[in-house]
Amino acid sequence: MKKHIHTPGDDHTHDHGGIFGPKTELIFSLICGGMLGAGYLLMKINAGLATLSLISFIIAYFFGGWFTLREAISSIRKGEFEVDFLMLVAAVGAAILGKWVEGSLLLFLFSLGHALENLAMNKAKRSIESLAALAPKTATVRRNGVEQEIPVESLQKGDIVLVKPNSKIPADGVVVAGNSAVNQAPITGESVPVDKSPLPGAERNFQYENKVPAENSVFAGTINGAGALEIKVLKTSKDSTLARVLQMVREAEQQQSPTQQFTKKVERYYVPAVLMLVVLLIFAFVVIDETFKQSFYRAMAVLVAASPCALAISTPSAVLSGVARAARQGVLVKGGRPLEELGVLTALAFDKTGTLTEGRPRLNAIMPLNGTSEQDLLRVAVAIERLSDHPLASAIVEGGMQKLDGQSVPPASNMRAVMGKGIEAEWQGEKILIGNDELFRDSQGAQQLPQEVLEKVAGLQQDGNTTMIIKKGLAFIGILGVMDQPRPEAKQVLADLQNIGIKKMVMLTGDNQRVADAVARQIGLTDAKGDLLPEEKVAAIETLKEQENKLAMIGDGVNDAPAMARSTVGIAMGAAGSDVALETADIALMGNRLTNLPFAIGLSKASKRIIRQNLFLSLGMVALLIPLTILGITNIGPAVAMHEGSTLVVVLNALRLLGYNGKP
């Protein structure tokens with residue numbers, strides 16, 4: 001006996017279109033109102049016009065009851081008795097009693113409320129359903145030197161796609177040629193276009209799928225700017241970020257919030273109780289001094305008053321609006337449960353790499369020794385590390401060349417890697433060694449580093465750096481520190497989280513404890529736990545849950561998925577996250593933007609507040625109307641007006657979430 005809530009992808013969604021298009025139900029309702037007014041005027045003007053008046057009321061019944069009857073029949077076929085059926089029974093009962101005015105008024109107000117409610121709810125649904133239209137249908141691909149246009153579904157990993165200026169990007173991939181600014185708002189919620197440039201070597205190497213830097217990666221459904229791009233496809237259309245977003249939205253529609261589950265339990269007992277009350281009231285004439293007609297009329301009024309329309313729609317309308325608002329910001333929420341539970345969290349557990357940090361090492365410290373200049377130290381380091389394919393070597397070369405401002409560096413030769421320790425090579429006639437302290441031990445394992453160097457290395461490591469010691473000939477000429485830097489926004493985000501009620505913020509990482517402590521100090525975490533294996537992360541989550549009760553885990557990798565699954569809410573760092581992390585998570589920050597986390601928690605708090613308001617209003621209206629109709633103080637007309645009015649107020653209150661601006 002609930003009022004059916006129409007959500008995207010719902011099997012029970014009814015077609016509210018017709019001869020007047022999507023607004024047919026609203027137009028039918030207005031015709032019903034017009035005929036109601038005409039019939040009432042004819043009845044009041046002249047009793048001799050009773051036949052014309054009756055015809056007007058019958059036409060009003062037809063237009064006001066058309067969609068209500070369709071939905072009632074559809075519900076009965078499924079063995080359900082929803083509020084549409086109850087309203088028809090009440091209207092037919094009024095007609096039997098000769099109360100055509102009140103029956104027509106009931107159908108007019110009910111159909112008008114239903115039509116306006118559907119139009120309002122469609123506003124929220126369109127924000128989500130528009131995702132499906134983002135991806136282009138075809139792509140221009142170059143295969144064997146020939147350009148051809150093919151369906152997006154036919155794209156394969158490794159294809160080179162040509163994207164014209166101001167057109168949609170057809171696939172997730174890496175830029176291999178061209179420069180442009182790409183509007184990523186449809187996927188990530190970023191309001192400013194993001195500059196994209198080619199990733200060196202990407203056209204030859206196919207090993208970048210989850211490691212492409214943001215400035216080189218693009219997503220299906222985003223919009224290219226003024227420059228032409230060539231993109232190497234990394235994911236087929238069914239595996240793209242956009243496809244995963246759509247899949248998550250479908251999952252979101254099936255996840256009910258705790259409040260929705262509560263209202264369903266209430267309805268399970270409430271509906272039979274109302275039906276029993278109506279049956280008893282129909283036979284009230286047996287025990288009190290009134291006619292059957294009066295008892296039947298009162299029973300119909302109570303039936304209208306007690307129907308839980310506003311209660312049934314109070315939570316789903318708020319959840320749908322909240323999910324739609326989050327999607328517009330680049331936060332994907334998989335349904336009502338995480339949307340509500342996010343707002344009651346007291347603790348957050350973060351993965352380090354790629355979540356609180358940028359996810360790639362950068363040259364962080366340059367420490368020349370023994371009279372060597374910084375420029376000379378970097379020239380040596382860049383020359384040698386260019387010969388290595390290690391990620392730390394790439395960080396030194398990239399950072400070194402920036403510091404050297406692009407000046408040329410003579411090449412090194414005869415490079416030899418010393419596994420797990422470093423490399424040696426020749427440069428300008430000198431032997432160069434670059435590596436960790438293990439590289440500088442003698443054959444018996446004794447440390448050959450001077451005390452001064454050991455102390456400086458220890459200091460850099462204490463600050464979270466991975467150190468590289470450089471020896472030229474017989475002299476130690478410097479130390480470089482490489483570190484996965486904290487995200488620039490991390491410190492402010494953690495401060496914002498603390499301001500909105502998150503008491504405990506812990507980092508769980510497989511990195512060593514020294515690095516974990518250094519990052520924690522820099523950005524303001526309350527605690528950091530390092531050297532954790534995936535199963536130890538799960539154990540840490542279990543311990544934190546016992547202490548804090550409501551806890552979220554935020555991560556981006558496969559190793560974070562088990563911990564996410566055990567937390568109250570799992571949050572994935574969206575587009576950069578692994579498929580496993582995204583599937584396990586309840587919420588995805590699609591723009592890979594940590595700044596969206598306080599926004600999401602604030603939105604959850606606002607959603608819970610609106611849900612509470614809606615429940616208070618809907619239950620309060622029922623509690624008011626039932627005694628008024630039982631006592632005969634209010635008849636069908638005012639009852640249905642207040643009933644439908646409360647339903648519309650509830651929906652409009654929920655739609656306020658679409659304008660949420662980031663304040664809890």
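Positive end of the dipole of the range 358-485 (Cβ unit charges, origin at the Cα centre): among N370, Q428, L439, the Cα lying farthest that way belongs to Q428.
May I ask you to order 89-99, 57-67 by the average number of other C-beta atoms within 10 Å around their residues, highest value first? Don't skip to the end; give the middle numbers.
Numbers: 89-99: 19.1, 57-67: 22.1.
Taking the mean over residues of other Cβ atoms within 10 Å, the ranking is 57-67, 89-99.
Put simply, when 332-343, 638-649 are sorted by average Cβ atoms within 10 angstrom per residue, most first, you get 332-343, 638-649. Would you mind classifying the range 358-485 by shape? Square roots of the alpha carbon gyration tensor eigenvalues, ordered a ≥ b ≥ c; an a/c under 1.5 is rounded, otherwise it is prolate if a/b is larger than b/c and oblate if not. Note, shape of the range 358-485 comes out rounded. Phi angles of the range 603-613 translate, via the Karplus equation with coefficients 6.51, -1.76, 1.60 and θ = phi - 60°, into HN-Hα couplings of 4, 4, 4, 5, 4, 4, 5, 5, 4, 4, 4 Hz per residue; Gly and Pro are given as x. When each of the peptides 146-153, 399-406 is scored by how many other beta carbons lie within 10 Å of its residues on average, the order from highest to lowest is 399-406, 146-153.
Summing +1 for each Lys or Arg and -1 for each Asp or Glu, what net charge is found among the other residues whose Cβ lies under 13 Å from the Cβ of I636?
Working: positive: K99, R298; negative: E102, E644.
Spelling it out: positives minus negatives among the neighbours equals 0.
Across the range 617-664, Cα-Cα distances exceeding 13 Å account for 62% of all pairs. Using the Karplus relation 6.51 cos²θ - 1.76 cosθ + 1.60 with θ = phi - 60°, the per-residue 3J(HN,Hα) values for the range 456-467 come to 5, 4, 4, x, 5, 5, 4, 8, x, 7, 8, 9 Hz, with x marking Gly and Pro.
What FRET efficiency do you get for A284 and S167 if R0 is 60 Å and r is their Cβ-Cβ distance, rounded to the nearest 0.05?
On the way: r = 70 Å, r/R0 = 1.17.
Taking R0 as 60 Å, the efficiency between A284 and S167 is 0.30.
No value in this document is a laboratory result; all are computed from the given coordinates. Here the structure is a predicted model, which means the values were calculated and not measured. Backbone-built Cβ (ideal geometry, glycine too); neighbour counts: all protein chains shown.
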